[in-house]
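J.: One structure, pasted below without further comment.
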Amino acid sequence: MNQGLPSATARHAAFLRAAHQLMDDPRIFDDPLALRIIGAEAEKALRSNPEYFQTDLLRHLRALIAMRSRYAEDGLAEAVSGGVRQYVILGAGLDTFAYRNPYTENLLHVFEVDHPATQEWKREQLKNQGISIPASLTFAPFDFEKETLAQGLIRAGFRVGEPAFFSWLGVAIYLTETAVMETLAFAASSPAGSGIVFEFSVPLSYLNETQRARRKELADRLAAIGEPFLTFFDPSSLERDLRRMGFGHVEHFAPKEANLRYFKDRADGLSVGGSGHLMKARV
Ligand SMILES: C[S@@+](CC[C@H](N)C(=O)[O-])C[C@H]1O[C@@H](n2cnc3c(N)ncnc32)[C@H](O)[C@@H]1O
């Protein structure tokens, strides 16, 4: 990330979540705050140029961004019904879960962990859009490359001795492998019942020619705005590492499974491409 500046990719992801609300029918992820949080100017830009979003690259990306949030919130629902009362959104960007938290009667506390510059910008967006900050939310400004997640969370009042559910969407690819592994090891050391959903990307050798070209186009665009792709994982060795860390149940949710579960038989053909993979792991 560009030091001192909010994440441009967080802005793009929020824009595409908002586009999904407007352009896709049926929606696979309902987010009644997605349009509001990006602000009126951005919403106007979105509404005025819908064709812009119809390229293969942006359709796949929009589907991925909607799907990963849906998958994470489906995982969270299971965790809450199993008794988890802490939800940690790592690299939250403009994620809106905390402002539409449906589990307030379960006293689900949300921690939004993000780079300080992105979080400051988000708080400004929330203020400008009149979205109030619930008592069930704590902001935890933090840099994955500078300290450990344990330090950042304990400072924010996270209860290390109680189970938690973590989501980590669209972040690992921008971090060093060391930072990713340290964060996963922290989640794995959480009490029984804890879990995580996170997104990762596979090396180019896993992609076909069309997917490689799309990955390259995206990687070049993001490197140009200061957020280059850094880390890729082979799914099988990542699964092994997760088990070694202490996760008992590990599920690799590949694009093929995502298309079967969430995008089957759509008239508009919306689907995810080959790049974004998810893992769900439970302690
Ligand atoms: C592509 S955005 C994803 C945002 C959000 N998860 C979503 O799905 O919309 C990447 C996020 O990672 C955060 N991030 C990137 N590098 C970071 C670092 N070193 N420490 C903390 N957060 C970081 C950015 O601030 C940004 O919010």
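J.: Looking at segment 99-118, I want the residues that are under 20 Å from Leu153 (Cα atoms) and within 16 Å of the ligand (Cβ to nearest atom) and have a partner that is of a type in the set (Gly, Ala, Ser) and in a strand (DSSP E or B) with Cβ atoms under 9 Å, at least 6 apart or on another chain. Which pairs are those?
T.: Phe111/Ala140; Glu112/Ala140; Val113/Ala140; Asp114/Ala140
J.: From the list Ala45, Ala66, exactly one residue is part of a helix (DSSP H, G or I) and either touching a helix residue (DSSP H, G or I) at 6+ places or on another chain (Cβ under 8 Å) or within 29 Å of Lys256 (Cβ to Cβ) (or both). Which is it?
T.: After applying the criteria, what remains is Ala66.
J.: Just one of (1) part of a loop (DSSP other than H, G, I, E, B); (2) surrounded by 17 or more Cβ atoms within 10 Å (Cβ to Cβ); (3) more than 16 Å from the ligand (Cβ to nearest atom) trips up Ala192, so point out which.
T.: The failed condition is (2).
J.: May I pose another question? Just checking, does segment 48-55 include any residue being in a loop (DSSP other than H, G, I, E, B) and either among the basic types (Lys, Arg) or surrounded by fewer than 17 Cβ atoms within 10 Å (Cβ to Cβ) (or both)? If you could, list the steps in order and put the result at the bottom.
T.: Within segment 48-55, the first condition is being in a loop (DSSP other than H, G, I, E, B), and the residues that meet it are 49, 55.
Still in the running and either among the basic types (Lys, Arg) or surrounded by fewer than 17 Cβ atoms within 10 Å (Cβ to Cβ) (or both): 49, 55.
Yes, segment 48-55 contains a residue that is in a loop (DSSP other than H, G, I, E, B) and either among the basic types (Lys, Arg) or surrounded by fewer than 17 Cβ atoms within 10 Å (Cβ to Cβ) (or both).
J.: Taking Ala135, is it in a loop (DSSP other than H, G, I, E, B) and either free of Cβ contacts under 8 Å to residues at least 12 places away in the same chain or within 14 Å of the ligand (Cβ to nearest atom) (or both)?
T.: Here the answer is yes, as Ala135 does meet what is asked.
J.: From the set of residues in segment 53-95 that are of a type in the set (Phe, Trp, Tyr) and in contact with a Phe, Trp or Tyr (Cβ under 8 Å, 6 or more places away or on another chain), which is nearest to the ligand (Cβ to nearest atom)?
T.: Only one residue tops the list, namely Tyr71.
J.: If Ala213 satisfies all but one of (1) surrounded by 15 or more Cβ atoms within 10 Å (Cβ to Cβ); (2) more than 16 Å from the ligand (Cβ to nearest atom); (3) at pLDDT below 95; (4) hydrophobic (A, V, I, L, M, F, W, C), what's the number of the condition it fails?
T.: (1)
J.: If you check every pair at least six apart or on different chains, which have Cβ atoms under 8 Å apart with a residue in segment 121-132 that is free of Cβ contacts under 8 Å to residues at least 24 places away in the same chain and more than 9 Å from Gly39 (Cα to Cα) first and a residue that is outside any loop (DSSP other than H, G, I, E, B) and of a type outside the set (A, V, I, L, M) second?
T.: Within 8 Å, the pairs are Arg123/Phe139.
The values are calculated or read from the model by the stated rules, or taken from the named source; none is laboratory data. Predicted model only: the values in this text are computed from it and were never measured. Here Cβ is always computed from backbone atoms with ideal geometry, including for glycine, and neighbour counts include all displayed protein chains.
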